[in-house]
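Here is the structure we will look at, set down as structure tokens.
Values quoted throughout were computed directly from the atomic coordinates according to the rules given, and no laboratory measurement underlies them. This structure is a prediction, so every number in the text was calculated from the model and none was measured. Positions of Cβ are backbone-derived with ideal geometry, glycine not excepted, and every protein chain shown enters the neighbour counts.
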Amino acid sequence: EMQILIVALGSRGDIQPFLCLAAGLVAKGHRVTIASDAGLREFVADFGLEDSVYLLDLYGNFQEHQTSEVWQEKIKAQNIFRFFQAVRDGVEWFYDENSEILLQHAQRLSQHDAIVTH
């Protein structure tokens with residue numbers, strides 16, 4: 001039996017393959033912890049993994065960031081360079097906003113035999 005951590009961030013489409021992997025590992029007798037966003041609690045439960053989930057509130061303010069005037073202006077500019085700049089800014093914001101949260105949980109999440117992420 002191994003203790004495996006799966007860090008799965010992103011949209012449902014990003015996370016679903018990792019949930020399938022987790023379900024298979026649990027079926028084989030391994031202990032799996034899934035670190036993902038708290039907003040996906042029900043989606044994770046649909047896979048029968050609610051007992052092995054460790055959810056973080058990573059996207060809490062992201063929707064507020066996306067609706068900001070600056071973000072909206074870049075998206076609506078109909079300029080591919082401004083669009084990609086907005087995407088880059090969003091990714092930078094995400095990591096700046098959440099780096100402290102991830103560091104706070106790093107010790108608990110590092111005590112596994114294997115870590116799987118993307």
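Once both labels are positioned 7 Å from their Cα atoms along Cα-to-Cβ, the gap between Ser110 and Gln85 label points is 3.8 nm.
Around the amide H of Thr33, modelled in the peptide plane, lie the amide H atoms of Ile4, Leu5, Ile6, all under 5 Å away and 5 or more residues distant in sequence or on another chain.
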